[in-house]
Amino acid sequence: MKTFIESQGHSVTLLPVEEATAATLANHDKVVIGASIRYGKHQKVVIDFIEQNKTQLESKPSAFYTVNLVARKPEKCQPSTNPYILKLLAQLDWKPDLEGVFAGKLNYPKYGFIDRNMIRFIMWMTKGPTDPKTNIEFTDWKRVDQFAQSICDMQ
Ligand SMILES: Cc1cc2nc3c(=O)[nH]c(=O)nc-3n(C[C@H](O)[C@H](O)[C@H](O)COP(=O)(O)O)c2cc1C
């Protein structure tokens with residue numbers, strides 16, 4: 001996403017949310033916040049950042065995207081159909097100008113024993129891959145580029 005936006009002539013500061021402050025927001029024209037899902041939840045640090053900086057976020061063009069595995073299903077890959085983004089934005093009472101939902105990676109060999117088997121169980125329940133050797137990236141990078149283009153276009 002960063003490379004794409006830079007290729008359109010914009011400059012991008014990419015940083016972990018832990019390092020972002022109100023001053024970071026003040027120094028940029030637009031803000032894009034992304035977070036992945038671990039066991040049904042977005043990282044608390046992202047939620048706290050949005051809550052603490054809501055007024056400033058609302059004062060400039062903003063985008064939020066979520067990455068998760070539920071989004072591998074076509075019927076759950078839109079801002080209006082992905083349960084995680086719907087729940088988060090309702091909970092925060094925040095309406096970013098752009099919302100994105102992207103499917104992430106399933107990489108069993110990288111996970112520890114407990115995570116691997118918990119996720120295998122979730123995948124078994126939701127008819128996904130359960131072979132512990134599976135390493136698949138479900139991300140549709142064309143959709144990511146389209147989202148990046150919309151960020152460039154956002155006023
Ligand atoms: C420990 C763990 C728990 C996860 N729990 C969920 C989940 O509850 N729902 C879901 O859709 N995806 C879940 N995922 C999938 C992640 O959202 C996906 O792998 C994403 O690409 C992770 O990105 P990150 O490594 O940048 O956090 C989980 C992944 C891991 C490693």
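The values are calculated or read from the model by the stated rules, or taken from the named source; none is laboratory data. None of the values given here were measured: they were computed from a predicted structure. Reconstructed Cβ throughout: ideal geometry from the backbone, glycine too, with neighbour counts over all protein chains shown.
Return the residues of region 29-39 that are in contact with a Lys or Arg (Cβ under 9 Å, 6 or more places away or on another chain) and either of a type in the set (D, E) or surrounded by fewer than 14 Cβ atoms within 10 Å (Cβ to Cβ) (or both); say none if nothing qualifies.
D29
Across region 50-84, which residue is surrounded by the fewest Cβ atoms within 10 Å (Cβ to Cβ) among those that are assigned to a helix (DSSP H, G or I), hydrophobic (A, V, I, L, M, F, W, C) and within 16 Å of the ligand (Cβ to nearest atom)?
So, considering only residues that are assigned to a helix (DSSP H, G or I), hydrophobic (A, V, I, L, M, F, W, C) and within 16 Å of the ligand (Cβ to nearest atom), the one surrounded by the fewest Cβ atoms within 10 Å (Cβ to Cβ) is V70.
Contact list please: Cβ distance under 9 Å, first residue in region 137-153 and farther than 17 Å from G104 by Cα, second residue surrounded by 13 or more Cβ atoms within 10 Å (Cβ to Cβ) and of a type in the set (F, W, Y), pairs at least six apart or on different chains.
Q149/F4; I151/F4; C152/F4
In region 102-125, which residue that is under 21 Å from the mean Cα position of the chain (by Cα) and outside any strand (DSSP E or B) is surrounded by the most Cβ atoms within 10 Å (Cβ to Cβ)?
Residue satisfying both the conditions and the ranking: I119.
Is it true that some residue in region 9-27 is farther than 17 Å from K60 by Cβ, in contact with a Leu (Cβ under 9 Å, 6 or more places away or on another chain), surrounded by 11 or more Cβ atoms within 10 Å (Cβ to Cβ) and not basic (K, R)?
no
Check G128, G100, G104, G112 and return the single one that is over 19 Å from Y39 (Cα atoms) and within 15 Å of the ligand (Cβ to nearest atom).
G100
All but one of (1) closer than 19 Å to D29 by Cα; (2) in a strand (DSSP E or B) hold for P96, so report the exception by its number.
Condition (2) is where P96 drops out.
K87: within 14 Å of the ligand (Cβ to nearest atom), outside any strand (DSSP E or B) and charged (D, E, K, R), yes or no?
Against the criterion (within 14 Å of the ligand (Cβ to nearest atom), outside any strand (DSSP E or B) and charged (D, E, K, R)), K87 qualifies.
If I ask for residues that are away from the ligand (no atom under 13 Å from the Cβ) and not polar (S, T, N, Q), which ones from region 142-155 would you list?
Once the filter is applied, which keeps residues that are away from the ligand (no atom under 13 Å from the Cβ) and not polar (S, T, N, Q), region 142-155 yields K142, R143, D145, F147, A148, I151, C152, D153, M154.
May I ask you to verify whether P79 is under 17 Å from I151 (Cβ atoms), out of contact with any Leu (no Cβ under 7 Å at 6 or more places or on another chain) and modelled with pLDDT of 95 or more?
Against the criterion (under 17 Å from I151 (Cβ atoms), out of contact with any Leu (no Cβ under 7 Å at 6 or more places or on another chain) and modelled with pLDDT of 95 or more), P79 qualifies.
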